[in-house]
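Visitor: Take a look at the following structure, please.
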Amino acid sequence: MNYQEILNYLFEATPMFQQVGHVAYKPGLMNTEALDALFNHPHRNFKTIHIGGTNGKGSCSHTIAAILQSAGYKVGLYTSPHLVDFSERIRVNGEPIDKDYVVNFVEKYKDQFEPLYPSFFELTTGMAFSYFADQKVDVAIIEVGLGGRLDCTNIISPDLTVITNISFDHVQYLGDTLEKIAGEKAGIIKKDTPVIIGEVLEETRPVFLNKAKEVGAPIVFAQENPEVTISELEDGWFYLTKSYGQFHGELGGYCQMMNTNTVLCAMNELIKLNYRISLKDVWNGFGNVCELTGLQGRWQKLSDEPRIICDTGHNTGGIKYIAEQLRSESYKNLHMVIGMVDDKDISGVLALLPKDATYYFTKASVKRAMNANDLQKKGADAGLKGNAYETVIEAVNSAIQKSLPEDLIFVGGSTFVVADLLANRDALDLN
């Protein structure tokens with residue numbers, strides 16, 4: 001089989017949460033441990049840093065990877081979901097996994113893993129760990145897929161654990177209170193392993209303190225140890241920090257202040273663990289994170305006239321920052337291209353969005369995506385006015401046609417809406 005045939009096999013033969021949701025969710029580590037034994041425990045061959053939380057995992061994972069790359073480490077990076085191609089999930093020093101490796105890996109182990117009926121994420125986690133071992137990485141940044149305690153990445157023994165924040169998301173799997181969700185996320189806290197908590201709430205602080213005490217893990221609450229203040233620039237943020245001087249951060253969006261504080265607290269801990277990280281490494285990592293790691297979709301600008309911004313924020317915690325950011329932007333008219341998946345708090349997200357905008361409700365090309373007409377109706381109930389469009393590109397092109405050069409078009413509501421946009425950006429009607 002060639003690469004595309006292998007991907008089709010993976011997407012069809014192994015349940016993929018990105019596409020089908022709960023059908024693909026397999027809590028527990030039995031399959032993961034069986035696969036890990038099959039692949040000869042590859043994660044034991046390199047250092048790891050484990051990153052969980054509701055929002056900000058991707059930005060923090062990529063930024064930490066960029067800093068460590070700048071420091072001369074060979075860095076593996078495992079994240080999900082992908083935006084354009086599967087290979088984005090597994091990177092070494094920013095380069096996606098070799099497509100031949102994907103083909104050879106599946107063909108080599110196919111007969112042995114098929115009896116286990118692994119999920120897509122279980123299998124690709126094993127593939128990532130094997131690739132990192134074969135590439136002889138020094139350290140791998142491992143992003144949790146869903147939750148933490150029962151997530152299949154949770155077989156690693158990391159040098160450092162990071163939990164970015166807690167918000168309502170995936171409540172059908174993780175619990176319907178912030179305390180329950182925090183309990184699941186806290187499941188990645190390991191014995192004697194330092195843990196950074198990025199953003200803490202009154203309800204979640206005791207959960208993390210109790211878990212850290214139970215396993216003897218040194219704990220730092222980044223929010224209570226502020227490292228940074230920021231001011232907005234046209235191309236990102238200017239950071240003024242306690243420990244790392246002044247520098248430019250490439251990523252935009254208000255959420256990056258909290259993410260940056262989390263990352264800098266993580267750097268403090270890694271330096272205590274004898275990681276070789278200089279001021280210049282931190283500056284270079286923050287200033288060039290997209291180039292170094294291939295990160296996309298975080299307050300990413302695609303056009304100037306009209307200005308088109310996309311962002312993968314997709315739950316109330318993420319949309320809160322996006323709404324705040326939009327209020328601070330300058331434009332004549334605001335156009336909002338919005339799509340969502342049907343297992344999110346749709347009413348909660350819609351209630352946060354600006355009402356003084358023209359809306360273009362759409363549907364991403366995944367099975368979990370909500371029908372655009374249904375989303376339009378829910379939007380109308382929330383006071384959001386606009387039309388429904390069959391595809392993301394159709395919606396964005398309609399917004400472009402109705403925009404003045406000084407207008408702003410925002411595209412988001414779901415990671416998969418942004419994925420459809422980036423995968424088809426050549427089809428945008430920009431003259």
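The values are calculated or read from the model by the stated rules, or taken from the named source; none is laboratory data. Predicted model only: the values in this text are computed from it and were never measured. Methodologically, a virtual Cβ is constructed for each residue, glycine included, from the backbone with ideal geometry; neighbour enumeration extends over all protein chains shown.
Visitor: Only one of these conditions is not met by Ser70: (1) modelled with pLDDT of 95 or more; (2) crowded, with 23+ Cβ neighbours inside 10 Å; (3) of a type outside the set (Val, Ile, Thr). Which number is it?
Guide: Checking Ser70 against (1) modelled with pLDDT of 95 or more; (2) crowded, with 23+ Cβ neighbours inside 10 Å; (3) of a type outside the set (Val, Ile, Thr), the one that fails is (2).
Visitor: So in segment 1-35, with the set limited to residues that are among the hydrophobic types (A, V, I, L, M, F, W, C) and closer than 17 Å to Phe105 by Cα, which one is modelled with the lowest pLDDT?
Guide: Of everything passing the filter in segment 1-35, Ala13 is modelled with the lowest pLDDT.
Visitor: Something else now. So, in segment 123-178, of the ones that are closer than 19 Å to Lys211 by Cα and touching a Cys at 6+ places or on another chain (Cβ under 7 Å), which residue ends up modelled with the highest pLDDT?
Guide: Here the answer is Val162.
Visitor: So is Asn45 surrounded by fewer than 22 Cβ atoms within 10 Å (Cβ to Cβ), more than 12 Å from the chain's Cα centre (by Cα) and at positive phi or not?
Guide: When the stated conditions are applied, Asn45 does not pass them.
Visitor: Taking only pairs six or more apart or across chains, which ones have beta-carbon atoms under 7 Å, a first residue in segment 371-384 that is more than 13 Å from Met336 (Cβ to Cβ) and free of Cβ contacts under 8 Å to residues at least 60 places away in the same chain, and a second residue that is among the β-branched types (Val, Ile, Thr) and assigned to a helix (DSSP H, G or I)?
Guide: Qualifying pairs under 7 Å: Lys378/Ile346.
Visitor: Hey, could you check segment 132-152 for residues that are assigned to a helix (DSSP H, G or I) and touching a helix residue (DSSP H, G or I) at 6+ places or on another chain (Cβ under 6 Å) and say which is surrounded by the fewest Cβ atoms within 10 Å (Cβ to Cβ)?
Guide: Across segment 132-152, the extreme among qualifying residues is Ala133.
Visitor: I would also like to ask the following. Being closer than 11 Å to Asn261 by Cα and either aromatic (Phe, Trp, Tyr) or not in a strand (DSSP E or B) (or both) is the filter here; which residues of segment 230-242 pass it?
Guide: Once the filter is applied, which keeps residues that are closer than 11 Å to Asn261 by Cα and either aromatic (Phe, Trp, Tyr) or not in a strand (DSSP E or B) (or both), segment 230-242 yields Tyr239, Lys242.
Visitor: Given (1) in contact with a Gly (Cβ under 8 Å, 6 or more places away or on another chain); (2) of a type in the set (A, V, I, L, M); (3) at pLDDT below 90, where does Leu201 come up short, assuming only one miss?
Guide: If we test Leu201 against (1) in contact with a Gly (Cβ under 8 Å, 6 or more places away or on another chain); (2) of a type in the set (A, V, I, L, M); (3) at pLDDT below 90, just (1) comes out false.
Visitor: Something else: Only one of Leu375, Leu421 is in a helix (DSSP H, G or I), of a type outside the set (Lys, Arg) and under 18 Å from Leu326 (Cβ atoms); which?
Guide: Residue meeting the stated conditions: Leu421.
Visitor: Hey, can you tell me all the residues within segment 96-133 that are more than 15 Å from Leu38 (Cα to Cα) and either touching a Leu at 6+ places or on another chain (Cβ under 8 Å) or in contact (Cβ under 8 Å) with a residue 60 or more places away in the chain (or both)?
Guide: Once the filter is applied, which keeps residues that are more than 15 Å from Leu38 (Cα to Cα) and either touching a Leu at 6+ places or on another chain (Cβ under 8 Å) or in contact (Cβ under 8 Å) with a residue 60 or more places away in the chain (or both), segment 96-133 yields Pro96, Lys99, Asp100, Val102, Val103, Ser119, Phe120, Phe121, Phe132.
Visitor: Name the pairs: first residue in segment 260-279 and assigned by TED's automatic domain parsing to the domain that holds Phe221, second residue polar (S, T, N, Q) and surrounded by 24 or more Cβ atoms within 10 Å (Cβ to Cβ), Cβ to Cβ under 8 Å, at least 6 apart or on different chains?
Guide: Thr260/Thr63; Thr262/Thr164; Val263/Thr63
Visitor: Could you pull out the residue among Thr229, Thr260 that is buried (at least 20 other Cβ atoms within 10 Å of the Cβ), within 25 Å of Leu292 (Cβ to Cβ) and not aliphatic (A, V, I, L, M)?
Guide: Criteria check complete, one pass: Thr260.
Visitor: Okay, moving on. Quick check: anything in segment 83-90 over 18 Å from the mean Cα position of the chain (by Cα), hydrophobic (A, V, I, L, M, F, W, C), farther than 21 Å from Gly287 by Cα and in a helix (DSSP H, G or I)?
Guide: Within segment 83-90, none of the residues are over 18 Å from the mean Cα position of the chain (by Cα), hydrophobic (A, V, I, L, M, F, W, C), farther than 21 Å from Gly287 by Cα and in a helix (DSSP H, G or I).
Visitor: Restricting to segment 246-273, count the residues that are over 23 Å from the mean Cα position of the chain (by Cα) and over 27 Å from Lys301 (Cα atoms).
Guide: So the count comes out to 3.
Visitor: Residue under question is Val349, and the condition is that it be of a type outside the set (Ser, Thr, Tyr) and crowded, with 23+ Cβ neighbours inside 10 Å; does it hold?
Guide: Yes; evaluated as a whole, the condition is true for this residue.
Visitor: What number of residues within segment 249-298 are farther than 26 Å from Ile322 by Cα and among the charged types (D, E, K, R)?
Guide: 5
Visitor: Of these, Val289, Val282, Val341, which one is among the β-branched types (Val, Ile, Thr), outside the structural domain of Gly413 (by TED's automatic domain parsing) and under 19 Å from the mean Cα position of the chain (by Cα)?
Guide: After applying the criteria, what remains is Val289.
Visitor: Quick one: which of Glu227, Glu203, Glu234 is touching a Cys at 6+ places or on another chain (Cβ under 9 Å) and free of Cβ contacts under 8 Å to residues at least 60 places away in the same chain?
Guide: Only one candidate passes the filter, namely Glu227.
Visitor: Let me ask something additional. Take segment 340-358 and flag every residue that is under 11 Å from Gly379 (Cβ atoms) and not charged (D, E, K, R).
Guide: Met340, Ile346, Ser347, Val349, Leu350, Ala351, Leu353, Ala357
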